[in-house]
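Please read the structure below before turning to the comments.
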Amino acid sequence: MTLTPHRSGALLLALSAALFPVLTSPAASADPGPLRHHRHTAEEITRFLTTFYGKHGPTEQDRALRVSQQLKTKQEHTRDSDVVLCSVGAPREIEVGPATVAPSAGVGWATVTTSWDSGATDTFTAYVRLDSLPIQLDDVICAG
């Protein structure tokens, strides 16, 4: 009896290496670049939210370009109030507190306080995904 190599197994192994070089390449484990793994800092989130909200609320352009699809969908289902501001109408003034980040959860947030002509104030929490590129408002949770 003559032993011959199992050619189909060798062919399959060679074909797999040719089709999936990423899995076997040492370069695949190298860092693909700083943008791919960027995570927003608390300072970046505070700056973003302060700019986004401004003094009286976000512009229509900011709402179109700097809000997640999830939050846009939430607004579509909430016709009686503005989910980005947790209100009806524009506040007299907006103040953004310092952001906090939770790297393990992949999210950062800050408390936003709105002041109204009536003298009342409201607060809500604005959330940003740490890996969003470009940075954008991901969700808002109203206090009341």
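Coordinate-derived values only; no laboratory data. Quick caveat: nothing in here was measured; it's all calculated off a predicted structure. Cβ atoms come from the backbone with ideal geometry, glycine included; neighbour counts cover every protein chain shown.
Note on ARG92/ARG47: beta-carbon distance plugged into 1/(1 + (r/R0)^6) with R0 of 25 Å gives a FRET efficiency of 0.65. Once backbone amide H atoms are built at 1.01 Å from N, ARG92 has SER115, TRP116, ASP117 as its partners under 5 Å, excluding neighbours fewer than 5 places away on the same chain. Remark: the range 98-103, residue by residue, has Karplus-estimated 3J(HN,Hα) of x, 7, 10, 10, 10, x Hz, where x stands for each Gly or Pro and the curve is 6.51 cos²θ - 1.76 cosθ + 1.60 at θ = phi - 60°. For the pair LYS72 and THR121, label points projected 7 Å from Cα toward Cβ lie 3.4 nm apart.
In percent, rounded to a whole number, the relative contact order of the range 44-116 is 33, using alpha-carbon pairs under 8 Å and six or more apart. Projected onto their three principal axes, the Cα atoms of the range 46-116 cover extents of 34, 26, 19 Å, largest first.
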